[in-house]
Structure formats: structure tokens, C-alpha cells
Amino acid sequence: MKNILILFLSFFLLTTIQTTNKDKFLSEVKNGYKNYEVLTDIDDDNYTLCVVRGVNKNKASLGIYFHSVCDGEYVCIINDGSSEKELSLDKNKEAYYPAMSYTINLAVNIYNCDDELVQSVKVNRITVASFAGEAGNNAGINFSGPGRIVSQGFVLVYIVGIGIIVICAIIIILLKVNKKGMFNDDTRKEGLEELHHLEQTYVNTEFSEEDEYSIPKEDYQEDISHEQVYERTRDYDDEIDENRPSVKSVLNSRGFNTDYLNMSVEDKNKVMVELMMMREQGIINNDEYQHEIVDLWKK
């Protein structure tokens, strides 16, 4: 009988302390907040949970009071959708946070010792200017606890992104200062020379193939004269459709010079490449292409 009485008194005292601390929490919220709303207020044999939100010091504020009756049996965790933060308990097995600044939607979750979710309270973010709740005394409460609650995932991505940008900028600056890589004059010159070499090789190969294709073996004569070539050219000119734009006019419209007699070999190679591209794109036909090649390279 004596043991039963002691157990009853112990439970009564524990319940009294638990209720008193929660009442203190609500009293502090009412005195400090301008407006507030109680989202949940739970008292049972295992834990006590009280969650409020409102306006404190003209900021969105979240308040949490949590008490676990049995040490280690229940934990309170704040989940922001991408990360979780467990609230630490004091020697009385309480988490006492009347004011925590927050800017995103949250969930206050209670888990038991088997890691099972037994309670979840959604805390949507609020707009300070339009929030309406129970009026408080607006005395203000200093923010405490985890502080400003933001997504840790977002912060990590942001930090990594800034780090990559800074590293790339440093590398580019070092290369420019030391004239390395793409900022090295010799390297750039070698690249341009290699490009010109490839272009010249392609042009010579293409011209050689077209030249062999355009002169059938049965019509080939070693002693063919320039006069005969010009004569064939005049015959070709007579067959050209007068309404069709000339090849030279197309080249001029693309910014190329068509004064072939006074043109350097390098400029002729550029015109040659452009003619091949025009033929591949269907802007000129093969006959027009061959005619212009003869005109380009004749002396």
C-alpha cells in the first residue's frame, strides 16, 4: 500500500511539473507575440507537445514545447522537406523553445524508440503583414533554438555552386596572368596554323577530286589550250538561265570578293570552301560549281 502511494505521488508531481512548464511556455508566448496560433496541444501518458506559430518582433516565429515522460522513449524532430533536426532535451527531458525564426514550410514530428512516427504537425510559413491570430501583448521574445530554419540541402548546393565558380575564376585569372593554355600566344598560333593546314589539305583534296571527275578520260588531251577552255566556258555561259542569280552575285552577298585575277591564293582557297558549301546546301548546282572553279583558278 505504501509503495502504491509513493508511485501515485511521484506520478502526480511529474504531471504537475509537466503541466506547469507547458503553461509557462504558453504564457510566455502570449506575452511576447503580437499574434499567435496554437497548432497543437497534446498531453498524454507518454509525452507532451505544444506547437505555436505567429508574429514575434515583426518576424515569423515558431514555438515548440516538448516533454518526454520516459527518457529516450520519444524524440521531437523538425523536418523541412530535405533535412531533419532533432531538438535537444534538457535534464528535465524537455525541449523549451518559445521563439524560433523560420521562413519555410515545416513539419514537427514525434518518433518513438522504435523510430516510428507517432505524431506529425504541419507548420506552414506565414506572411507577417497579413497573419491574423489570437492577440498577444507584443512584448517580444528573443529568438533561440536552431535559429533561422532553412533547407540545409539548398544551402549545400548554394555553397558548392559558389565554390565551383570561384575556383574556375581563379584558374582563368592564373592562366591569363601566366599566359598559359588558351592565353599563350604560341599555343594560339599553333592552333591557327593547324586549322589553316587542315583547311588547305581539304581544299586541295576536294579540288583534285572534282578536277579528275570533271574531265572525262576520252575528252582529255594533254595539249588542250587555254583558248579551248575559254571557248567551253563561253558555251556554258550561253546556257545559264538569265533569271537565276549568278554565282558571283551570291558570293558577293555573302561578303566574298570575286575579283579572281587580283586575288591571293589564300583568298581563293576561302572562296573554294564557300563554293563547296554552297553546292552541298543546294544553293548552286554542280555545273555552276565547276564553272566557277574554272573561273576562279584560271590565269
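One line per residue, one yes/no per condition, for (1) aromatic (F, W, Y); (2) at pLDDT 50 or above:
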site: E210; (1), (2): no, no
site: E218; (1), (2): no, yes
site: Q228; (1), (2): no, yes
site: F256; (1), (2): yes, yes
site: E280; (1), (2): no, yes
site: I283; (1), (2): no, yes
site: Q290; (1), (2): no, yes
site: D295; (1), (2): no, yes
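Matching residues to (1) among the polar types (S, T, N, Q); (2) touching a residue at least 40 places away in the same chain (Cβ under 8 Å); (3) farther than 16 Å from F143 by Cα; (4) in a strand (DSSP E or B):
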residue	(1), (2), (3), (4)
F25	no, yes, no, no
Y65	no, yes, no, yes
G72	no, yes, yes, no
M100	no, yes, no, yes
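The values are calculated or read from the model by the stated rules, or taken from the named source; none is laboratory data. This one's a predicted model, so the numbers in the text were calculated from it and none came from an experiment. For neighbour counting, all protein chains shown are included, and Cβ atoms are generated from backbone atoms with ideal geometry for every residue, glycine included.
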